[in-house]
Amino acid sequence: MKKRGARIYNYTSLNSFYRILSSITSLFILLGFRNKKIVILQIVLLKYIFPFALFRFIWYRNFVKTVLSFISKRNMLYIEVNDLIYEQSVDLGIDVSPLAIIYQEFIFNQPNLHFIFASQLMGEYAVEKYGLKADSFQTIINGAPEIDLSTQCPIEIIDDNKVKYIYAGTLNAGREIKQFIEIFVENKNTTLILIGTEGEWISDLKYDNIHYLGGFPEKEALIIASKCDVGIIPYNEEKLYYNICYPTKNSFYVAAGLPILCTPLQETMRVFNQYPQIAFFEKIVNWSTFLKTTTKEDILIAKESVKNVKDKFFWKTLLNKMNLNS
């Protein structure tokens, strides 16, 4: 956005007073704009501009509608939607707020608004479920930064003849993490490396071929991943949200030079089917067979294919496609 000459407004605190002040300040700024192209991240919209909790009140929704109508008639207003709050909450097993449905039914039916979805199928779902106009959204999938090869690897990765699989992400036990770990435990010809937050419990399992390394900044995490062979996406393919979202770790793995092993998730398959031989799609029940039959040589062929397309998954490439003219 800076390369486009954009003025950037950063929000940096969850302090209640700060958020109230930000809401008031942001409204005055937005109401003063004319003939601008405005992009607002949904998380910013709901935490710092229009507080999410207030959407329970009809009078407040009418107020927001009036404000958005005023701004969008004088400017091109885009809302970046990285997640559908309600559907994500249901499938991830976290607290489901009825306000999420109210908010989504409200926001996707506002005239003159434009949306940027992080997944094509997520946008299409919003069209079918919430009545969003099909021509009012575009898709920019989640990308990754280009790997900085000058970054020192913060931890030693054992170099052996085993195929090294890596999972990068949140590792709390509620995300079916233990289930897919057990698959690797049964396949001693593989090594599973896990990086991310909330995974300290994994170290207590004390499996020889399972290694939890901790959480790392993105630059260091990319370097660690680049020392491995395959990135994994073990999400349950029977859940709606996993099928319509595009996990950021997809692009993260490719940016690190890795092919992916993924359950047959629809949006992920939609993206990767454009690039043959860089992704393996198997139901989780078939992963054990895949691990037994896939050799280091098979993976090396896939890694060569990744080299030819990895730049297509960099943020700088993806964001160049963003159209702010309609």
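The values are calculated or read from the model by the stated rules, or taken from the named source; none is laboratory data. Nothing here was measured: the structure is a model prediction, and the numbers come from that model. With ideal geometry, Cβ positions are generated from the backbone for all residues, glycine too; neighbour counts draw on all protein chains shown. In case anyone asks, the SASA skips ligands and DNA or RNA and just uses the protein heavy atoms, side chains included. Shrake-Rupley method; radii C 1.70, N 1.55, O 1.52, S 1.80 Å.
For the range 232-326, which fully contained helices (runs of 4 or more DSSP H) count at least 3 residues that are polar (S, T, N, Q)?
248-255, 287-293
Considering each of 16, 22 in turn, give the residue that is surrounded by fewer than 17 Cβ atoms within 10 Å (Cβ to Cβ) and either touching a residue at least 40 places away in the same chain (Cβ under 8 Å) or among the hydroxyl-bearing types (Ser, Thr, Tyr) (or both).
16
Just give me the residues in the range 240-294 being more than 19 Å from the chain's Cα centre (by Cα), within 23 Å of residue 224 (Cβ to Cβ) and among the polar types (S, T, N, Q), in sequence order.
294
Can you find a residue that is in a helix (DSSP H, G or I) and touching a Leu at 6+ places or on another chain (Cβ under 8 Å) anywhere in the range 26-44?
Checked the range 26-44: no residue is in a helix (DSSP H, G or I) and touching a Leu at 6+ places or on another chain (Cβ under 8 Å).
Which members of the range 182-200 meet the condition of being at pLDDT below 90, over 22 Å from the mean Cα position of the chain (by Cα) and under 23 Å from residue 248 (Cβ atoms)?
Hit for the range 182-200 is 200, nothing else.
Restricting to the range 201-254, name every residue that is among the basic types (Lys, Arg) and modelled with pLDDT of 90 or more.
219, 227, 239, 249
Residue by residue through the range 117-136, note down the ones that are in a loop (DSSP other than H, G, I, E, B) and in contact with a Phe, Trp or Tyr (Cβ under 8 Å, 6 or more places away or on another chain).
Across the range 117-136, the qualifying residues are 118, 119, 131, 132.
What single numbered condition from (1) in contact with a strand residue (DSSP E or B) (Cβ under 7 Å, 6 or more places away or on another chain); (2) assigned to a helix (DSSP H, G or I) fails to hold for residue 114?
Failing condition for residue 114: (2).
Among the residues that make up the range 205-215, is at least one of them touching a Ser or Thr at 6+ places or on another chain (Cβ under 7 Å), among the small types (Gly, Ala, Ser) and open to solvent by less than 10 Å² (accessible area, probe 1.4 Å)?
No: zero hits.
Go through the range 215-231 and count every residue that is outside any helix (DSSP H, G or I), more than 18 Å from residue 259 (Cβ to Cβ) and in contact with a helix residue (DSSP H, G or I) (Cβ under 9 Å, 6 or more places away or on another chain).
Residues meeting the conditions: 2.
Can residue 111 be described as open to solvent by 30 Å² or more (accessible area, probe 1.4 Å), within 20 Å of the chain's Cα centre (by Cα) and of a type outside the set (D, E, K, R)?
No.
Out of the range 93-108, which residues are in contact (Cβ under 8 Å) with a residue 40 or more places away in the chain and within 22 Å of residue 77 (Cα to Cα)?
Of everything in the range 93-108, those that are in contact (Cβ under 8 Å) with a residue 40 or more places away in the chain and within 22 Å of residue 77 (Cα to Cα) turn out to be 102, 103, 106.
Residues checked against (1) touching a helix residue (DSSP H, G or I) at 6+ places or on another chain (Cβ under 8 Å); (2) at pLDDT below 95; (3) under 21 Å from residue 8 (Cα atoms):
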| position | (1), (2), (3) |
| --- | --- |
| 81 | yes, no, yes |
| 91 | yes, yes, no |
| 97 | yes, yes, no |
| 105 | yes, no, no |
| 121 | yes, no, no |
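Just give me the residues in the range 282-295 being open to solvent by 50 Å² or more (accessible area, probe 1.4 Å) and out of contact with any helix residue (DSSP H, G or I) (no Cβ under 6 Å at 6 or more places or on another chain), in sequence order.
283, 284, 285, 286, 289, 292, 293, 295
Kindly establish whether residue 6 is in contact with a Leu (Cβ under 8 Å, 6 or more places away or on another chain), modelled with pLDDT under 95 and either more than 20 Å from residue 323 (Cβ to Cβ) or not in a helix (DSSP H, G or I) (or both).
Judged against the criteria, residue 6 is not a match.
Of the residues 48, 11, which single one is closer than 25 Å to residue 322 by Cα, free of Cβ contacts under 8 Å to residues at least 60 places away in the same chain and assigned to a loop (DSSP other than H, G, I, E, B)? Walk me through how you get there before you give the answer.
Values: 48 fails: assigned to a loop (DSSP other than H, G, I, E, B).
Of the residues listed, the single one that is closer than 25 Å to residue 322 by Cα, free of Cβ contacts under 8 Å to residues at least 60 places away in the same chain and assigned to a loop (DSSP other than H, G, I, E, B) is 11.
So which of 164, 133 is crowded, with 19+ Cβ neighbours inside 10 Å, at negative phi and among the basic types (Lys, Arg)?
164
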